[in-house]
Structures are given as structure tokens and as C-alpha cells.
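First up is the structure itself, then whatever we jot down about it.
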Amino acid sequence: MTISVPNVVILIVIGLLGVGIYALLTVRNLIKVVVALQIIVKAAMLALVLAGRLQGQENLGQSLALTVIVADTIVAVVGLALAVQVRRVIGSLDLKALTSLRR
Amino acid sequence: MLHLLTGAGILVCAIQAIRSRRLIVSALWLAGTSALVALELYLLGAPEIGVIELSVGAGLVTVLFVFAINLTGEEATDLKGLIKEPLTVVMSVLFIVLLGILLVPAVDRAAPALGEASLKIVLWGNRQLDVILQAVLVFCGVMGVLGLLSEKETDSAGQTHSEDME
């Protein structure tokens, strides 16, 4: 495998996805889960722009990446608002505390 | 060379964002990841997306994280995971290897450039549904946050009505 630009970018994408998936499997803090989702979405964005570039449809890939940025921001906003409410109602951000829906 | 350095920086920032125990430090590493991803997008020939990612990903989202962490307070994040540690490592490595097998050969089969329309025409002309969906998404997000962050009505004793009913 030669070190060309697409190869480097695809390695970044795979690395970011790996870090994000590992984080989703291990972390128990609700805000950390949002951080892990953000990392995964950044990988998806880079992959979209790279795919557009490789297929000769750069602008299509970029416009899809723009949609992903908007969706990602909304996910972060709603996730963080949910975390604030969970903390207010349950008193903890631990995911395990969410499994028993008691107050 | 610049791509390699940027890529190494992105991965280091992402790993630190997961590893750091304090939530606020984690949010700042995530902002660093965003900024470096924006630089990588610029290097890939997508300056418009890079600028939007820099202002939204590294700016707005970081402010939101700091705001939320201020509201919830720092909490110990070094709890043990719900799944056993060796299993998570094995699953992550398996995931990375499978992705590598699928994606890396596909990069070498790149198609030639087609000579397509400019970003303005593609975004506002060909992808109109996406633009409408983005507007709807932003509206839904705002309504969701308003619903989530609205305080319950409190009476003079400071107790919420839902508590009165219990």
C-alpha cells in the first residue's frame, strides 16, 4: 500500500471509527457518549468528502457532508439537553442509573 | 506529509477526548479534533465545508458542551464499562480490521473525474430535498431543546406539580 492522500484519509476514517466504537462500548457517562458520537460523525464526514473526490463528484460529497454537519449538531444539542434533564431528574449521568427508571 | 501530520493529530485528539477523566478537558480535545478535521477537509479541496465544520464543530458544539457540563457539574467518569474490557477491545479491533479489508482496496479503484456542476448548483439545485430537510431538522432540534430545557411550573413553595401529585 503506497502512501497516497486517499490512503492516508481512509486510515484516518478507520481510526476515528475505531476510537468512536470503542468509546461507545466502554464509556458510561452520558456526555462522554455524545463525545463518542461526535467522533464517529466526523469520520463519516471525512469519508463522504473522500468518496466524492474519488468518484469525481466532489460537490455531491460536499453537499452531503454539509447535511451530516447539520444533523450532527442537532444530535449533539438534543443529547446534551437530554443529559441536563437526566442529571436534574435522576441526579446522575451514569448510564447504569438510567436502566432502572426510578426517581 | 501534511496529511500524515494532520491525521496523526486528529487521532491523538480523538483518543485523548475519550481517555481524559475530566469532562471539560474531554470537550476541549474534541474541539481540537474538529479543528484538525476542518484542516483536513481544506487540504482535501473542500474549503467551504472546512469553514462550516470549524465554526460549528469547533465553535458552537464546544460552547454547548461547556454549557452542559457547567449545568450538570463534573462527575467521576472512570467507572468500569458495562461490557467486559477484553470483549470491547476484541470487538473494536475486529471492527477496524473488517473496515480496513472493505475500504482500503476500494480506494485504489477510483473513478475518473466527471466534470460536474459547482457546489452552489449541486446544493441548491440538485439537492433541494436535503436543504429542506436541514431546515426541518433545525426546527425539530430547537423544539426538542425547548421542550427538554423548559422548567416545570413551580408554585410558591417551590415544589413542582408532579411532586404534589405523588
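The values are calculated or read from the model by the stated rules, or taken from the named source; none is laboratory data. Since this is a predicted model, take the numbers as computed values, not measurements. Note: ideal-geometry Cβ built from the backbone for every residue, glycine included; neighbour counts use all protein chains shown. Just the protein is used for accessible areas: all its heavy atoms, side chains included, with ligands, DNA and RNA removed. Shrake-Rupley method; radii C 1.70, N 1.55, O 1.52, S 1.80 Å.
A few notes on this one:
- Identity of the residue in segment B:1-32, at the interface with chain A (Cβ under 7 Å from one of its Cβ atoms) and of a type in the set (V, I, T), that ends up nearest to A:V5 (Cα to Cα): B:I10
- Test result for B:I69, within 10 Å of chain A (Cβ to nearest Cβ), among the β-branched types (V, I, T), in contact with a helix residue (DSSP H, G or I) (Cβ under 9 Å, 6 or more places away or on another chain) and open to solvent by 50 Å² or more (accessible area, probe 1.4 Å): no
- Of the helices (runs of 4 or more DSSP H) that lie entirely inside segment B:77-166, those containing 2 or more residues that are at pLDDT 85 or above and not assigned by TED's automatic domain parsing to the domain that holds B:A46 span B:85-107, B:128-149.
- Segment A:68-93: number of residues that are surrounded by fewer than 18 Cβ atoms within 10 Å (Cβ to Cβ), of a type outside the set (A, V, I, L, M) and within 8 Å of chain B (Cβ to nearest Cβ): 2
- Flag for B:T62 being at the interface with chain A (Cβ under 8 Å from one of its Cβ atoms) and either among the charged types (D, E, K, R) or under 12 Å from the mean Cα position of the chain (by Cα) (or both): no
- B:L87 meets all of the listed conditions (1) within 7 Å of another protein chain (Cβ to nearest Cβ); (2) over 19 Å from A:E58 (Cα atoms); (3) not hydroxyl-bearing (S, T, Y) but one, namely (1).
- Some residue of segment B:33-51 being under 12 Å from A:V35 (Cα atoms), more than 7 Å from chain A (Cβ to nearest Cβ) and not polar (S, T, N, Q): no
- Segment A:13-55: number of residues that are open to solvent by 40 Å² or more (accessible area, probe 1.4 Å) and more than 7 Å from every other protein chain (Cβ to nearest Cβ): 5
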